[in-house]
Amino acid sequence: MTGKMGTAVVTGASSGIGAVYADRLAGRGYDLILVARNEERLKAVAAKVRDNHGVQVRVVIADLAFGADLVKVEDILRSDGTITALVNNAGVGGASPLLETDVEEMQDMIAINVTAPMRLTYAVTPAMVARGSGTIVNIASIVAIGPEILNGVYGGTKSFILGFSQSLRHELAGKGVAVQVVLPGATATDFWDVAGVGIGNLPSAWLMSAADLVDCALSDLDSGEFASVPSLQDIDEWNAYEAARQVMVPHLSSNTPGPRYTKKPAPVH
Ligand SMILES: NC(=O)c1ccc[n+]([C@@H]2O[C@H](COP(=O)([O-])OP(=O)(O)OC[C@H]3O[C@@H](n4cnc5c(N)ncnc54)[C@H](OP(=O)(O)O)[C@@H]3O)[C@@H](O)[C@H]2O)c1
């Protein structure tokens, strides 16, 4: 039997933000397909969610940076007609500057943070559009608009997620598929240790719990908010940023260079 909400696929559900999404979506009546590499941790999350909410939970052990595993998850998204939601959450970060970073690690980061969510979105979207319903949540980061804050490739991957989500929302408007992008600020998860920063180095005033982050993002989803930035105290700052972008977009192509390039007359001495 399928949960009343269908099935939600959550990537990176073995810890942190993804594990909270698993719990909250199950609480909303979704069955789950949980994806990550660490089998023991993923099965522990699955067991807890089953116990707490009584929904069906399947685990898929997959390294999303590895082509064959990614194809396995894409196949599930294409073929399982019960899937109604995808949370593209799996990701890795970094804080080191370019001159101190191994480029192969950056390549892997792009595979996990960019290629995987892009391909999973391509896999799930046609069926959602055909059905006229579905939900896609993409976990970006505040570094999407502040790429100077951490490692630059990490910032670039999250800018991709923001831009891809903006385009997706535009393309899917009126097709019944909800698209949301979430921009967490610093969140208290394993992310910081994996990124080599050590969470103890961050001021506690910056750190939100994963539970608060996900609950706020889901509340924004319920209200139809496309971009969710739970740590931003004054949402008018985001609205002004978005409004400035909308003002500029129609002016970005022209057959004439801007007037600032017009030759100025030589100064008369
Ligand atoms: N924590 C923050 O401050 C923060 C801020 C902004 C955005 N974010 C974003 O939030 C998302 C979740 O991160 P988190 O904070 O919850 O950190 P986390 O606890 O380290 O969780 C990351 C998840 O991604 C999975 N993952 C990593 N590499 C993978 C791979 N190659 N294949 C499959 N799964 C993989 C991990 O599972 P396995 O190790 O079991 O594979 C884990 O479940 C990420 O996209 C991150 O960029 C986090």
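A short reminder: the numbers here are calculations on the coordinates, not readings from a lab. The structure presented is a predicted model; accordingly, all values stated were derived computationally and were not measured. Reconstructed Cβ throughout: ideal geometry from the backbone, glycine too, with neighbour counts over all protein chains shown.
At-a-glance table
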read-out: Lys, Arg +1 and Asp, Glu -1 on Cβ, resulting dipole of segment 146-227 about Cα centre, debye, nearest 20; value: 280
read-out: Percent RCO, i.e. relative contact order, over segment 117-269, from Cα pairs under 8 Å lying at least 6 residues apart; value: 19
read-out: Potential extension, residue 240-residue 118 segment - 0.36 nm per residue separation minus Cα distance; value: 41.1 nm
read-out: Cα-based helix-to-principal-axis angle, 39-53 vs the chain, degrees rounded to 10; value: 70
read-out: Anisotropy class of segment 32-98 from Cα gyration tensor, a/c 1.5 cut; value: oblate
read-out: Helix axis angle, 152-172 relative to the chain longest principal axis, alpha carbon, degrees; value: 80
read-out: Around residue 175: net Lys/Arg minus Asp/Glu count, Cβ-Cβ under 14 Å; value: +1
read-out: Cβ crowding within 10 Å averaged over residues, with 102-108, 226-232 ranked highest first; value: 226-232, 102-108
read-out: Shape of segment 43-153, Cα gyration tensor, a/c cut at 1.5; value: prolate
read-out: Cα gyration tensor, segment 7-239 - rounded (a/c under 1.5), prolate or oblate; value: rounded
read-out: Nearest-ten-degree value, helix 16-27 long axis tilted from longest Cα axis of the chain; value: 60
read-out: Relative contact order computed over segment 7-239 (Cα-Cα under 8 Å; 6+ residues apart), in percent; value: 18
read-out: Value at 222 nm in deg cm²/dmol, rounded to 500, when DSSP H runs of n ≥ 4 in the chain each add -39,500 (n - 2.57); value: -13500 deg cm²/dmol
